Structures are given as structure tokens and as C-alpha cells.
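These notes concern the structure reproduced below.
What follows draws every value from the coordinates through simple rules; no lab data is involved. Since this is a predicted model, take the numbers as computed values, not measurements. Because the Cβ atoms are built from the backbone with ideal geometry, glycine has one as well, and the counts that use them run over all protein chains shown.
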Amino acid sequence: MPRSILLSPPSRCLVMGIVNITPDSFSGDGLGRERDIIAAAVAQSVKFFQAGVDILDIGGESTRPGAAYIPAQEEAQRVAPVIAALRAELPDVAISIDTYKASVAQAALSAGADIINDVWAFQADPDMAAVAQAANCPVILMHNRSKPGHAEIDRVLGGSYTAPDYGAGFLRVVCQEMADLAQNAIKAGVSGDRIILDPGVGFGKTPAQNMALIEGIDVIRAIGYPVLLGASRKSFMGRVLNLPADDRRDPTLATTALAVQRGAAIVRVHDVEENVKVVRMTEAMLQAGKAARAERG
């Protein structure tokens, strides 16, 4: 069953492909304006599958700074038919629903989704934990200190959420807060072996803090759960390199290579084919290096 892919730490880094069923994705890849959204989503997902994707992440509401709120019923109507079509077309690929609303997650699971990816880690909707518990499915809990009304918008570089004051020891503080998110989910009845942690790159962090999270994935792993990195095309790259969202593929590939080296379990990306190649090549080099060191004694 596809959801079993995350019921134990994966033996290799998994690639999650982003399928945005929205008209206003920050990266310009949203399918919400397509005449036949289901057909467009299936076509994109089949392309991802042929490129080696492991998980499809389906989202019906943009989380970019300044995005409009979508009522749960409308969001469910966007994603559920797409998920049903993808489950029929690609039965061997895991499907994740990117939502923080319990009713949307339930509709997605009923349509064939396997994983809940909650950018608010059950904090936005108190019913989400019960949905996850009943489904006994993998859950991705993201660290998120962003505030919808607190963002900086640049015409070229896009928006970024303003970072709060984390005090001394940024990485230590975030790790403690992520450990608390996991424990809260367990207390709500979610099995610990179903939890994946996402450090929330781009959500209430400065560019330097976002890069510190990526470099510190091995530290985050020490909390005791698999780690997902969602850095693809994020605005911190634009601010470091002065690049718009549609020119951040190569910087994303750099973050992917480092994430694999640091032990990430999943990378969530827009450009699946290129990132799959980077993941597999980085793993091959790491394995060769390990063998060479063993031979040297």
C-alpha cells in the first residue's frame, strides 16, 4: 500500500513532487487556471512518476504571503477529484494532502490520499489530530511561526514572512518546538512512528535562519523523527542571489544535495526530474565514499 512508504525511516531520500491545484502559487506553477484541472494534474503527475517521484503532494490553497483564505468546502472540491483521478492513474505512488483543515484532509483521505501534510502541525484545526489518528496515516508536522499579516512583499523576489525573535540559540529553539509538536501529536493519539518533521523553511525565518535549518538537518534528525525539507524555489534563495521564483531551480538543487548529505528523509520539490538526479547521484557518492573509507580502514 502506498502509505507504507513512510511507516518506517526510508532507506533512501524520497522525492515529493508538488502539484498545486491553485491559481496563485508563488512559483507560478499552479494549475487552478487550467481549463481541465484534473487532466492537467494527471499529466503533470504522470511526468513526475516517469521521472522517479515517490510522493505527490496535492495542495488546494496557497500558503504564500498575501494569499487569500479558501473555505474548507471549496478547498476539498478542488483537491478530492484530483486525488481520486491520481489514485486511479498511479496506484503505486503515495499521495499527500497539503492542508491544515481537518475536513479537507478527511475528504482527501477518502478520495485516496495516504499522508497528511499540515503546515500548522495540528495547531490551526483541533480536529486534525483525530482525523490522522482514525486514518492511522503518516503525518508531516511543520514548524511554523509565520503570521499572515506579517510579510515583506517584493515585486520581483516575491513575499517572505517576517521572522519573529527566537532569542539565543535559533536552531536549539526550533528543535525544541518541533519536539513539542511531535509530543503534542502523540498525546492526541497519533502513533510516533507515523510522524515526519518539517523545519518550515520560509515560514517565519530570515534567509540566514532558513539556511541554518538546511545545514542543521542532522541536528533536527536527532529529535528522533524523519525530516522533510521543503526549500524548493523559496524566497530566501531570491534574497541571497537576487533571483525571481522562476529562476531558482539550480539553487534548489544545491539545497537538495546538502539535505541528502545531512540525512533528510524527503525533499519536497517543484522540479522533480532534476532533483531526482541530484538525490540519486548524491547518495551514490556518499555510498562510494563510505566504501572507500571502509577499505582504508
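Worth pointing out:
- Spatial offset of segment 221-280 relative to segment 184-211 amounts to 16 Å, using the alpha carbon center of each.
- The chain: calculated mean residue ellipticity at 222 nm from DSSP helix runs of at least 4, using -39500 (n - 2.57): -13500 deg cm²/dmol
- Per-residue Cβ neighbour rank within 10 angstrom, fewest leading, M128, M285: M285, M128
- Measuring nothing but how far apart in sequence close Cα pairs (under 8 Å, 6+ apart) lie, relative to its length, the chain scores a relative contact order of 19 percent.
- As a proxy for reagent exposure, ranking I83, I214, I195 by other Cβ atoms within 10 Å from fewest up yields I214, I195, I83.
- Annotation: the residues R233, R296, R12, R87, sorted from fewest to most other C-beta atoms within 10 Å of their own C-beta, follow the order R296, R12, R87, R233.
- Total lysine pairs in the chain at Cα distances under 27 Å, for residues eight or more apart or on different chains: 12.
- For segment 159-212, the square roots of the Cα gyration tensor eigenvalues, ordered a ≥ b ≥ c, give a/c of at least 1.5 with a/b greater than b/c, which places it in the prolate category.
- Taking a ≥ b ≥ c as the square roots of the Cα gyration tensor eigenvalues, segment 40-147 comes out prolate, since a/c reaches at least 1.5 and a/b is larger than b/c.
- Binned Cα-Cα distances of segment 10-296, short to long, each 5 Å bin given as a whole percent: 1, 6, 13, 17, 20, 19, 14, 7, 3, 1, 0, 0, 0
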